[in-house]
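Colleague: I'd like to ask you about the structure that follows.
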Amino acid sequence: MQVTIDVFRFDPEKDQKPHFDQFVVEAEPVDRVLDLLEKIKDYHDGSLTFRRSCAHGVCGSDAMRINGVNRLACKVLVQDVGTRIKVEPILGLKVKRDLIVDMEPFFDHYKSVLPYFINDEAPPEKERLQSPEARERFDDTTKCILCAACTTSCPSFWSDSAYVGPAAIVNAHRFIFDDRDQGAAQRLEILNQQMGVWRCRTAFNCTEACPRDIHITQAIAEVKKAITSGKLD
Amino acid sequence: MANVHQYEVVVVGAGGAGLMAGLYASKTAKTAVISKLYPTRSHTGAAQGGIGAALGNLEDDSPEWHTYDTVKGSDYLGDQDAIEFMCAAAPDVVYELEHMGLPFNRTPDGKIAQRRFGGHTNNETGKPVTRACYAADRTGHMILQTLYQQCIKNNVTFYDEFHVLDFITVNGAAAGVVALELATGELHIFHAKAVIFATGGHGRVWEITSNAYAYTGDGVAITLRRGIPAEDMEFFQFHPTGIYRMGILITEGVRGEGGVLLNDKGERFMDRYAPTVKDLASRDVVSRAMYLEMKAGRGIGGKRYLHLDITPETVNKYAALDGRVRPDGSPYTVTGEEILKKLPDIIDFCKTYLGVDPVSQPMPVQPTAHYAMGGIPTNVRTEIVIDENNTVMPGAYAAGEVACVSVHGANRLGTNSLLDIVVFGKEAGINAAEFARGASFQPLPDDAADFTRQQLDALRNGSGKERAADIAREMKEVMFDHVGVFRIEEGMQQALEKVRELKQRFKEVRVEDQGSRFNTELLNTWELSNLLDLAEVTAASALARKESRGAHARDDFQERDDKNWMKHTLAWLKDGDVELRYKPVTLTKYEPKKRVY
């Protein structure tokens, strides 16, 4: 089958403003949108620029807007989106070239929530014990691959990029609800600030955008509840 | 003029090995971790099933058994001192990961959960043992995330999206690396006392592969160009269960949880090839059995794939036939819900890419290029050694898949790659920092970036008569057909000639994109030059080895030949040719035996 694909183009070295280029490529229904971008780069226009690595949805490199919604290009098949496809960079981060955006502000937000294990007690000789139920409590948020699909689908983030964003909250949640960790109070204090969880207006865009099916809105709600109740149950 | 930075230790690559090295080196030395990807994009994150360590959380186990299994799995090509070191270090390094917060699954009594994996056995009974410590089917993801988190906590310095293109050596010692900054296209020189290569593998040489686009063998190619040999490159692992036609990995953990391989007749064929451990034989053994089944016309519908079945009905049937029991002695059974809980990602992959739900339908699978046992030769301290006398290059280190220590020999056991990266990544970080403490910087040559510029200029100024994508496709096809699961003299010869022809044609390639910012076409094309070099070295090393051992299986030399071939290959690229020499395998107490599963 033939697929017509409109791709956002912007090269700051030569373009005053962005434009779309249209390509018509041969494709199978089970081809990934990433496969089409590769085909364009290989055979139509070598200058088309995008990030990718694992090509099966675990490395988080290729989040982009595909027909208006945030997806990983390697996890969307032609049969899922049809033969007219529009591909744009994710919104809210500065476009560096074509589909590549500046990820630094995203990672800065991530780093701001202390996204690492905190426990100052000397560890036991073997593993710290943790019940399967306690481990299950934060399982969902351990799946995050930091692709930014959620944060860049969030209207609150679009309106103010100082908002820490859903991805950072997800990664805070992963530690806040880990009963081995002792940094919850610090993280909740950070997230209780003006640019923390209260910027979330429960639009659910993040949950719909997540390629890992993390229940992000729920995770944010749990963090909000922990702040208001002062409890972690 | 390139930008110059100075660090005592530079780590190239930010997967599990690079992050562990960076974490440890930066404790005592000024360290930078340089990666062409953001660290969390690294291929460690794609590892699924588990990390091997004889914790004995569910049943009796010991590091000695793990050592023997690894030696046997390597088909007696692994260096036994290195294997002993790794398997003995395994329990402590897994506890260390847990102390860093890694969310392993748990046993009912709160310990780290463990599952069965291919080739890991109780040495007394020969039966599979639960040794793979796991976090669902995203253990690699958890290791990558946890190590990156620790690096943030400890303020490790990163240069993200800096692509290392050359290794600077002066007076026979490491002096730094040259890197291209993706965002600007500018070259940077990182002047260093010690350099650690942790750049991963090169599975993109083959057509059907589980490997990421980024797996282009940069570290081995760079060091080959600087006169350092590549070790045991003929040993490349084909994982038995890749998604048909796409190559995406389906973890061996599926078989660890009781899944079985079935042919077109619905027959569980592995009991004919490995009567004791059946579907949990070593990967080379299973991939060959699958190949033979398909060759005999028993692929599904006569095609080149088989079924991997994890449906509860099938699992419970064969678990009962095998007499498999739980640790408490009750019969082993699974439910669909348990499978979904333990293997969520592979179920998601199958639904996304195949429209198949593994809880109720079998998965179509075929062997897929997966892992480089060979690489940059190192000793057990991760120091790069440059000849058959194991002469150390001062300040040069390698760890993880890019390195050949050699703990995997001719065939790697599942779960030992994640173990390798944390054990030897840590070792590299500690040893490189210690070296830096006692060493001075080598003087930088005036022309440190010249060789890099020459390579890039050649790609920009080619005639354009050839297209890189065509060359890549032809290389992948010929390597998959002739330097794959089964090999024969004529095929390998044909592959070698083809790759050499492709290398000539590559000189006519021209990169269209003449821009400087994020010029991924330029870098992808440079990466293809690496793959071509590694394909040539792989084919030449394979052609010369006239025996079958581990992943190197020849139709024309079907037996292992310890008398003539129990030795490591060292391959140099010299003046457009491959020079081969050999060095002995390090033995401790394990005498070679016939390998039966």
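The values are calculated or read from the model by the stated rules, or taken from the named source; none is laboratory data. These numbers were taken from a predicted model, which means no experiment stands behind them. Using ideal geometry, Cβ is built from the backbone for each residue, glycine included, and neighbour counts are taken over all protein chains shown. Please note that ligands, DNA and RNA were not included when accessible areas were found on the heavy atoms of the full protein model with its side chains. Shrake-Rupley method; radii C 1.70, N 1.55, O 1.52, S 1.80 Å.
Colleague: So which residues in segment B:380-437 are surrounded by fewer than 24 Cβ atoms within 10 Å (Cβ to Cβ), in contact with a Pro (Cβ under 9 Å, 6 or more places away or on another chain), part of a loop (DSSP other than H, G, I, E, B) and among the β-branched types (Val, Ile, Thr)?
Modeller: B:Ile386
Colleague: Looking at segment B:150-204, which of its residues are open to solvent by 10 Å² or more (accessible area, probe 1.4 Å) and in a helix (DSSP H, G or I)?
Modeller: Residues satisfying the conditions are B:Gln150, B:Ile152, B:Lys153, B:Arg204.
Colleague: Conditions: (1) within 29 Å of B:Glu124 (Cβ to Cβ); (2) in contact with a strand residue (DSSP E or B) (Cβ under 6 Å, 6 or more places away or on another chain); (3) without any contact (Cβ under 8 Å) to a residue 60 or more places away in the chain; (4) buried (at least 22 other Cβ atoms within 10 Å of the Cβ). B:Arg268 meets all but one. Number of the miss?
Modeller: For B:Arg268, the failing item is (4).
Colleague: Tell me yes or no: at least one residue of segment B:53-75 is at pLDDT 95 or above, away from every other protein chain (no Cβ under 14 Å) and more than 30 Å from B:Leu587 (Cβ to Cβ).
Modeller: no
Per-residue answers, yes or no, for (1) among the β-branched types (Val, Ile, Thr); (2) part of a helix (DSSP H, G or I); (3) within 14 Å of chain A (Cβ to nearest Cβ); (4) in contact with a strand residue (DSSP E or B) (Cβ under 9 Å, 6 or more places away or on another chain):
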{"position": "B:Ser516", "(1), (2), (3), (4)": "no, no, yes, no"}
{"position": "B:Asn524", "(1), (2), (3), (4)": "no, yes, yes, no"}
{"position": "B:Asp533", "(1), (2), (3), (4)": "no, yes, no, yes"}
{"position": "B:Lys583", "(1), (2), (3), (4)": "no, no, no, yes"}
{"position": "B:Thr588", "(1), (2), (3), (4)": "yes, no, no, no"}
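Colleague: Now, a different point. Looking at segment A:1-59, which of the residues that are among the aromatic types (Phe, Trp, Tyr) and within 12 Å of chain B (Cβ to nearest Cβ) is least open to solvent (accessible area, probe 1.4 Å)?
Modeller: Kept after step one, since they are among the aromatic types (Phe, Trp, Tyr), are these residues of segment A:1-59: A:8, A:10, A:20, A:23, A:43, A:50.
Next, only the ones that are within 12 Å of chain B (Cβ to nearest Cβ) stay: A:10, A:43, A:50.
On the way: A:Phe10: 38, A:Tyr43: 90, A:Phe50: 11 Å².
Across segment A:1-59, the extreme among qualifying residues is A:Phe50.
Colleague: Here's another thing I want to ask about it. Check off (1) open to solvent by 30 Å² or more (accessible area, probe 1.4 Å); (2) in contact with a Phe, Trp or Tyr (Cβ under 7 Å, 6 or more places away or on another chain); (3) farther than 17 Å from B:Leu224 by Cα; (4) among the acidic types (Asp, Glu) for B:Glu579 and give me the number that stays unchecked.
Modeller: The one condition B:Glu579 does not meet is (3).
Colleague: Output the residues belonging to segment B:92-116 that are assigned to a helix (DSSP H, G or I), open to solvent by 20 Å² or more (accessible area, probe 1.4 Å) and more than 8 Å from chain A (Cβ to nearest Cβ).
Modeller: Taking segment B:92-116 and keeping what is assigned to a helix (DSSP H, G or I), we get B:92-99.
Within this subset, residues satisfying the condition of being open to solvent by 20 Å² or more (accessible area, probe 1.4 Å) are B:92, B:96, B:99.
Hits for segment B:92-116 are B:Asp92, B:Glu96.
Colleague: While we're here: Out of curiosity, is B:Pro358 more than 27 Å from B:Thr251 (Cβ to Cβ) and either open to solvent by less than 10 Å² (accessible area, probe 1.4 Å) or assigned to a strand (DSSP E or B) (or both)?
Modeller: no
Colleague: For A:Lys96, are the conditions met, namely being closer than 30 Å to B:Gly185 by Cβ, more than 9 Å from every other protein chain (Cβ to nearest Cβ), in contact (Cβ under 8 Å) with a residue 60 or more places away in the chain and basic (Lys, Arg)? Walk me through it before giving the result.
Modeller: On the way: closer than 30 Å to B:Gly185 by Cβ: yes; more than 9 Å from every other protein chain (Cβ to nearest Cβ): no; in contact (Cβ under 8 Å) with a residue 60 or more places away in the chain: yes; basic (Lys, Arg): yes.
It is false that A:Lys96 is closer than 30 Å to B:Gly185 by Cβ, more than 9 Å from every other protein chain (Cβ to nearest Cβ), in contact (Cβ under 8 Å) with a residue 60 or more places away in the chain and basic (Lys, Arg).
Colleague: Given the criterion open to solvent by 20 Å² or more (accessible area, probe 1.4 Å) and away from chain B (no Cβ under 13 Å), identify the matching residue among A:Ala162, A:Ala209, A:Ala122, A:Ala149.
Modeller: On the way: A:Ala209 fails: open to solvent by 20 Å² or more (accessible area, probe 1.4 Å); A:Ala122 fails: away from chain B (no Cβ under 13 Å); A:Ala149 fails: open to solvent by 20 Å² or more (accessible area, probe 1.4 Å).
After applying the criteria, what remains is A:Ala162.
Let's see how each residue does on (1) touching a Gly at 6+ places or on another chain (Cβ under 7 Å); (2) away from chain A (no Cβ under 14 Å):
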| site | (1), (2) |
| --- | --- |
| B:Leu306 | yes, yes |
| B:Asp309 | yes, yes |
| B:Asn316 | no, yes |
| B:Phe349 | no, no |
| B:Pro362 | no, yes |
| B:Ile384 | no, yes |
| B:Val392 | no, yes |
| B:Ala396 | no, yes |
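Colleague: Looking at segment A:158-233, what helices (runs of 4 or more DSSP H) fall wholly within it and have at least 3 residues that are within 27 Å of B:Gly45 (Cα to Cα)?
Modeller: A:166-176, A:205-209, A:216-229
Colleague: Just for segment B:481-509: of the residues that are part of a helix (DSSP H, G or I) and within 22 Å of B:Asn461 (Cβ to Cβ), which one is least open to solvent (accessible area, probe 1.4 Å)?
Modeller: If we take residues in segment B:481-509 being part of a helix (DSSP H, G or I) and within 22 Å of B:Asn461 (Cβ to Cβ), then B:Leu502 is least open to solvent (accessible area, probe 1.4 Å).
Colleague: Residue check, A:Pro124 against (1) in contact with a helix residue (DSSP H, G or I) (Cβ under 6 Å, 6 or more places away or on another chain); (2) assigned to a loop (DSSP other than H, G, I, E, B), all met but one. Which one?
Modeller: Exception for A:Pro124: condition (1).
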